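What follows is a short report on a single structure.
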Amino acid sequence: MTRVSDEDIRAYREDGAICLRGVFEPYWRDLAARGIEYNLKRENWGRRARYYDAGSDNPGFFQDACNWQFVPEYREYVFDSPAAEIAARLTASSQVNIFFDNVMIKAPGNQAPTPWHHDVPYWPVEGDTVCSLWMPLDPITTENTLRFVKGSHRWGKRFMPSDFGDKGEAGKAYELPRPDFEHIPDFDARADEFEFLMWEMEPGDAIAFDGYVVHGAPGNPLPTPRRAMITRFAGDGCTYAGDKHEELGPPFPDCPIPSGAPLTCELFPVVWPPEARAEGV
């Protein structure tokens, strides 16, 4: 049984994010590191890979997504590590699907912050049981850790997605035809109005967070990279939303299910509990 306490579950649902200490043993950390090393070779970048190059004086930020079908180490991590069971327990879901895997790497000396945002408005999914597990492969300090606006997943708001910087406009809101999306507040300028969550971490720890909790991150002023393996899960009641907005990501042009359908297909298979997995997956 994965180590998730009743207090962890309560804090996750109330606060929107929790730090779980030591939930990934060395085997899983080493497995993820090998997968990332393979993925980082240019010839192994997926079609969703992005390198946000901040210029020669400001090292960049790399991310890739949706590669568990192609990288054996990612596949094993997605299906067999504790991540899926953790997501199921935190969201009280009878089963969880993998939505996508994600690797994010901020280079040493990166000065570009990740803008405040929440995830679901970017993605072709709807539902209240979207859960991400963010596992660092390097020590994390207060200088480069994620920051969360405590309880923001319970506000009932949907904020306009922002540019992450691939067009040189990091933090600028997209102009999407979504009147239900609000422009996100300047949480840095209004920091005294909110409570923030952040943690120093070691490899093997993980942050679990809700798909609607607002979060961001500073750059990485440390002399070491900030590598993270992230798994995005969808629990009970989540549906596909392929018509939300195709220009954001990750896109799934080959998805065989229509918008509004339960999020289960070969792209998003059930990963927990193991007995609910489709044959051959």
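The values are calculated or read from the model by the stated rules, or taken from the named source; none is laboratory data. Only a predicted model underlies this, so the values are computations on that prediction, with no experimental measurement involved. As a convention, Cβ positions derive from the backbone with ideal geometry for all residues, glycine included, and neighbour counts pool all protein chains shown.
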- Select from the stretch 129-154 the residues that are touching a Cys at 6+ places or on another chain (Cβ under 8 Å) and part of a loop (DSSP other than H, G, I, E, B) and list them in ascending order. T129
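For the stretch 1-20, which positions are part of a loop (DSSP other than H, G, I, E, B) and surrounded by fewer than 20 Cβ atoms within 10 Å (Cβ to Cβ)?
Restricting attention to the stretch 1-20, the residues satisfying the condition of being part of a loop (DSSP other than H, G, I, E, B) are 1-5, 16.
Those that are part of a loop (DSSP other than H, G, I, E, B) and surrounded by fewer than 20 Cβ atoms within 10 Å (Cβ to Cβ): M1, T2, R3, S5.
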- Those residues that are under 21 Å from R226 (Cα atoms) and either part of a loop (DSSP other than H, G, I, E, B) or among the hydroxyl-bearing types (S, T, Y) (or both), I need them from the stretch 189-213; list them, please. M198, W199, E200, E202, G204
- Sole miss for S94 among (1) surrounded by fewer than 18 Cβ atoms within 10 Å (Cβ to Cβ); (2) more than 24 Å from A241 (Cβ to Cβ) is condition (2)
- Query: Which of (1) under 21 Å from C66 (Cβ atoms); (2) surrounded by fewer than 17 Cβ atoms within 10 Å (Cβ to Cβ) is the odd one out, the single condition A208 does not satisfy?
  - Reply: (2)
- Task: Could you tell me whether any residue of the stretch 23-44 is in contact (Cβ under 8 Å) with a residue 60 or more places away in the chain, charged (D, E, K, R) and either under 23 Å from P274 (Cβ atoms) or crowded, with 20+ Cβ neighbours inside 10 Å (or both)?
- Result: yes
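Can you confirm whether the stretch 37-46 contains a residue that is farther than 19 Å from L137 by Cα and touching a strand residue (DSSP E or B) at 6+ places or on another chain (Cβ under 8 Å)? Outline the logic, then answer.
Kept after step one, since they are farther than 19 Å from L137 by Cα, are these residues of the stretch 37-46: 42-46.
Okay, now just the ones that are also touching a strand residue (DSSP E or B) at 6+ places or on another chain (Cβ under 8 Å), so 45-46.
Yes, because at least one residue in the stretch 37-46 is farther than 19 Å from L137 by Cα and touching a strand residue (DSSP E or B) at 6+ places or on another chain (Cβ under 8 Å).
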- Message: Against the conditions (1) over 15 Å from the mean Cα position of the chain (by Cα); (2) without any contact (Cβ under 8 Å) to a residue 24 or more places away in the chain, where does R89 fall short? Just the number, please.
- Response: (2)
- Criterion: modelled with pLDDT under 95 and of a type outside the set (F, W, Y) - qualifying residue of P203, P269, P250: P250
- Checked pairs for the stretch 102-119, first part of a strand (DSSP E or B) and buried (at least 20 other Cβ atoms within 10 Å of the Cβ), second modelled with pLDDT of 95 or more and β-branched (V, I, T), C-beta under 6 Å and 6 or more apart or across chains, list as N102/I230; V103/I36; W116/V214
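Considering only the stretch 62-79, I want to know if a residue exists there that is more than 27 Å from C265 (Cα to Cα), modelled with pLDDT of 95 or more, within 16 Å of the chain's Cα centre (by Cα) and not in a loop (DSSP other than H, G, I, E, B). Can you show your working first?
Applying the first criterion (more than 27 Å from C265 (Cα to Cα)) to the stretch 62-79 yields 62.
Still in the running and modelled with pLDDT of 95 or more: none.
No, the stretch 62-79 contains no residue that is more than 27 Å from C265 (Cα to Cα), modelled with pLDDT of 95 or more, within 16 Å of the chain's Cα centre (by Cα) and not in a loop (DSSP other than H, G, I, E, B).
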- Within the stretch 224-235, can one find any residue that is in a strand (DSSP E or B), in contact with a strand residue (DSSP E or B) (Cβ under 6 Å, 6 or more places away or on another chain), at pLDDT 95 or above and β-branched (V, I, T)? yes
- Which residue pairs have Cβ atoms under 7 Å apart, sit 6 or more places apart or on different chains, and have a first residue in the stretch 240-260 that is surrounded by 13 or more Cβ atoms within 10 Å (Cβ to Cβ) and among the aliphatic types (A, V, I, L, M) and a second that is part of a loop (DSSP other than H, G, I, E, B) and modelled with pLDDT of 85 or more? A241/P124; A241/S259; I257/C265
